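Engineer: One structure, as structure tokens, below. Some questions next.
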Amino acid sequence: MEKQLKVRMRTLPIIKNKESALRMEVKRCKVDAAALDESLEKKIQAYETMFALWNEFDTSLIRVSDVHLGVKKIAGVRVPILENVDFEIRPYSLFNAPKWYSDGLHLLKELAHTAIEREFVVAKLNLLEHARKKTTQKVNLFEKVQIPGYQDALRKIKRFMEDEENLSKSSQKIMKSHQEKRKEAEA
């Protein structure tokens, strides 16, 4: 039991550090998500300013062909990170298409990239938030349940052992005094 208590006492500061690191990372992730939301909103507004022109835009000209993702460990939690987004742009005639098509393609690329990046940040936030909750539960379990439980159990065992020792000493003294009384009675 003492070994279990020592293990928990040693790991508690480590888990607390992990919890605070996760808490900071969650906070940073929320700020990033808010910034991406704002950026996405601005890009959508830019998209809406040219709304009348978008009716004549051929949407089949551009599509997302691949999303490259990496994995990063943050406080022991594996989270996805967006590395790159590949777009497939179908060739179009620069002479026959309206002049603003190239700007439109660029705007759509930015819009799609920002939206995909935001999705990654939200996924990262969800993973980190889940890990933070689990770590907080573990810290609370150690601090409020297991460590006090082990300490209480060890205290009770120690008291029991002391009581047993005292009882055995008392019984030895009583036996010794009885033996001495018998020897005196025989003598």
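The values are calculated or read from the model by the stated rules, or taken from the named source; none is laboratory data. Note that the coordinates shown come from a computational prediction; the quantities given were computed from them, not determined experimentally. Methodologically, a virtual Cβ is constructed for each residue, glycine included, from the backbone with ideal geometry; neighbour enumeration extends over all protein chains shown.
Engineer: Name the one entry in 143, 180 that is assigned to a helix (DSSP H, G or I) and modelled with pLDDT under 90. Working first, answer last.
Structural biologist: Values: 143 fails: modelled with pLDDT under 90.
None of the others qualify; the one that does is 180.
Engineer: Another question about this same structure. Could you list, in sequence order, the residues of the range 47-74 that are without any contact (Cβ under 8 Å) to a residue 60 or more places away in the chain and in a helix (DSSP H, G or I)?
Structural biologist: First, the residues of the range 47-74 that are without any contact (Cβ under 8 Å) to a residue 60 or more places away in the chain: 48-74.
Scanning the range 47-74 gives 48, 49, 51, 52, 53, 54, 59, 60, 61.
Engineer: Any idea which of (1) surrounded by 12 or more Cβ atoms within 10 Å (Cβ to Cβ); (2) more than 30 Å from residue 135 (Cα to Cα); (3) out of contact with any Lys or Arg (no Cβ under 8 Å at 6 or more places or on another chain); (4) in contact (Cβ under 8 Å) with a residue 40 or more places away in the chain is the one residue 77 doesn't satisfy?
Structural biologist: Evaluating residue 77 over (1) surrounded by 12 or more Cβ atoms within 10 Å (Cβ to Cβ); (2) more than 30 Å from residue 135 (Cα to Cα); (3) out of contact with any Lys or Arg (no Cβ under 8 Å at 6 or more places or on another chain); (4) in contact (Cβ under 8 Å) with a residue 40 or more places away in the chain leaves (2) as the failure.
Engineer: Within the group 88, 83, 143, which residue is among the charged types (D, E, K, R), under 28 Å from the mean Cα position of the chain (by Cα) and farther than 30 Å from residue 10 by Cα?
Structural biologist: Numbers: 88 fails: under 28 Å from the mean Cα position of the chain (by Cα); 143 fails: farther than 30 Å from residue 10 by Cα.
Being among the charged types (D, E, K, R), under 28 Å from the mean Cα position of the chain (by Cα) and farther than 30 Å from residue 10 by Cα holds for just one of 88, 83, 143, which is 83.
Engineer: Look through the range 82-115, keep the residues that are part of a strand (DSSP E or B), out of contact with any Lys or Arg (no Cβ under 6 Å at 6 or more places or on another chain) and of a type outside the set (A, V, I, L, M), and return whichever of them is farthest from residue 63 (Cα to Cα).
Structural biologist: Step one: filter the range 82-115 for residues part of a strand (DSSP E or B), giving 82-89.
Then keep just the ones that are out of contact with any Lys or Arg (no Cβ under 6 Å at 6 or more places or on another chain); that gives 82-86, 89.
Still in the running and of a type outside the set (A, V, I, L, M): 83-84, 86.
Details: 83: 18, 84: 14, 86: 9 Å.
The qualifying residue farthest from residue 63 (Cα to Cα) is 83.
Okay, residues lined up against (1) exposed (fewer than 10 other Cβ atoms within 10 Å of the Cβ); (2) touching a residue at least 60 places away in the same chain (Cβ under 8 Å); (3) touching a Phe, Trp or Tyr at 6+ places or on another chain (Cβ under 6 Å):
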| site | (1), (2), (3) |
| --- | --- |
| 112 | no, no, no |
| 115 | no, yes, no |
| 128 | no, yes, no |
| 131 | no, yes, no |
| 146 | no, yes, no |
| 165 | no, no, no |
| 176 | no, no, no |
| 180 | no, no, no |
| 183 | yes, no, no |
